[in-house]
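Since the structure comes first, as C-alpha cells, the remarks are kept for the end.
The values are calculated or read from the model by the stated rules, or taken from the named source; none is laboratory data. These numbers were taken from a predicted model, which means no experiment stands behind them. Counting neighbours? That spans all protein chains shown, and the Cβs are built from the backbone with ideal geometry, glycine included. For the accessible areas, the whole protein counts, side chains as well, though only heavy atoms, and no ligand, DNA or RNA atoms are used. Shrake-Rupley method; radii C 1.70, N 1.55, O 1.52, S 1.80 Å.
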Amino acid sequence: MWCRSLACLFKVPCQLSGSTRHRSPWLPCDRRTVLAAAARWHHTAPESLKCAWQLHGDHLELRYANTLMRFDFVWLRDHCRSASCYNAKTNQRSLDTASVDLGIKPKAVRVDETTLFLTWPDGHVTRYGLEWLVKNSYEGQKQQVMHPRILWNAEIYRKAQVPSVDCRSFLETDEGLKEFLQNFLLYGIAFVENVTPTKEDTEILAERISLIRETIYGRMWYFTSDFSRGDTAYTKLALDRHTDTTYFQEPCGIQVFHCLKHEGTGGRTLLVDGFYAAEQVLRQAPDQFELLSKVPLKHEYVENVGDCHNHMIGVGPVLNVYPWNNELYLIRYNNYDRAVINTVPYDVVHRWYAAHRTLTTELRRPENELWVKLKPGKALFIDNWRVLHGREAFTGYRQLCGCYLTRDDVLNTARLLGLQA
C-alpha cells in the first residue's frame, strides 16, 4: 500500500484521559501540571521553562531549545556514554545492547541546566548533555539536513561564479582542497584547472580525495568513439541527461572527466542538477515525488562486445530519500538503461509514468541546462548521485579519461577538513 506521506509512517497517538488523540502542542506549565496518569512536568528551575521533562510508562519526554523530544528507555540505556558503556578512544559502543532489559525504566531522573542524569535499577548512572540530545534525537534530526546544498539551474550557477581550483593548490594545500570540496558538496560539480592532460596526472588528481573505484570499466579509463564497449557513450552520438551505473546496486558516487584531446567540433558536456528538478516536482506534485521515491525499478546493463561480457542489474527507486526528514540523497535516472518494469502492479504503473514524465519535463527545461566545453587541462568532478550529465554530438577525434571514486572516501576527506558532509 503506497503511503501518501512519509510522515504518516511515524504518527503515534498518545493516551490523554483515556481517549486516543494526536499529541497537542506544548503549553506553559508548572509543577502542578498533571497529564495522563498523574504524570508531572519538571523544570530545571521553578522560574524557568528552558528545560522541562516528564516521565511516562515507556519513555521520557523532554523539551529543550524549543524542541519536543521523546526517548525510549532502552534507547537511553543503550546510548550511555559512560566509560563502561562506550570507548571514547575508539568511538565505539562497549555495552552489549542485547543484555539490556527491554522493560527497563530509570529509578531516578534529574535534569540541571545542561545535563540529564538517569539512575538505573542496578545503580548505574547515565549522563547526557542536553545539546547532545537535541542533536541526536529523532525530533532534532527531522529539523536538520545531512548534506547542505545549493540547488541550481544554469542562471543560478553562473551568477554564483563558482571558482575553479588551481591544480597545484588542489594537490599541495589543504586550503585549495577544502575550497574544491566545499564547491563540490554545495553544487554537486567542481572543476580543477591547469591539469597536465594525461591519464596519469588525472589519476594523481583523483587520488587526492578518494580511493578510485574499480568497476567493469577498469580503474582509470580512456573514452573514445571507437565502440569498444557495448554502450552508446562510446560513439559520436548525442547523449541525453542521465546518471551513470544505475545498474549497480550502489551507483558510483563521483565521476571524474578530463578531456585530453578533441580535434573536431561539438561535444559540449551537459550538466543538470537533478535535485533542483526534483524539488520542483515536490512543490508542484508532492504525490508524484512520493511515488518516484517509493516505486522500485530495475536498471540493467547487458554487454557482449569482444572480451567484455557483463550482465548487471541494480534495483531502486528513481528518487531516494532519508525517511526521517524526506531529504533527497540520490537520483537514479537513466532512460537508456532502465529495464522492463515488472516490479510494479498494473494499477500503479500508469501513475508512475505520469510522475516520471513530470520529472523528465523538469530535467529537460532549457533553463536547467548548464553546457560546458571540456578542454585539455580542465578536470570535472560530478556528484553522480545528484547531477545528471550528457553531451552533444561531435565530429573528429575526441578522447577523454576518467574514473569513478568511492563516495565514502570523498565525504571522509571533506569531514576531516571540517566540512559538513
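Counting protein heavy atoms only, the chain has 52 percent of its accessible area on carbon and sulfur, 1.4 angstrom probe. Coordinate range of the alpha-carbon atoms in region 270-395 per principal axis, descending: 47, 38, 27 Å. Computed packing ranks the peptides 94-103, 176-185, 253-262 as 253-262, 176-185, 94-103, most packed first, by mean other Cβ atoms within 10 Å. Cross-link pairs exceeding 26 Å between alpha carbons, from the set LYS236/LYS294; LYS178/LYS375; LYS142/LYS298; LYS159/LYS199; LYS298/LYS378; LYS105/LYS294: LYS236/LYS294; LYS142/LYS298; LYS159/LYS199; LYS298/LYS378; LYS105/LYS294. For the chain, which DSSP H helices look membrane-span-like by this rule: Cα extent along the axis of 20 Å or more and mean Kyte-Doolittle of at least -1.0? Helices meeting the criterion: 346-363. For the pair ASN412 and TYR346, label points projected 7 Å from Cα toward Cβ lie 5.0 nm apart. Here the relative contact order of the chain, from alpha carbon pairs under 8 Å that lie six or more residues apart, stands at 20 percent.
Out of every Cα-Cα pair that the chain contains, those further apart than 31 angstrom amount to 53 percent. If the elastic network links every pair of Cα atoms under 10 Å, which of LEU62, LEU359, LEU297 fluctuates the most in the Gaussian network model of the chain? Of LEU62, LEU359, LEU297, the Gaussian network model singles out LEU62 as fluctuating most.
Extension gain for the segment GLU155 to ILE216, taken as residue separation times 0.36 nm less the Cα-Cα distance, is 18.3 nm to one decimal.
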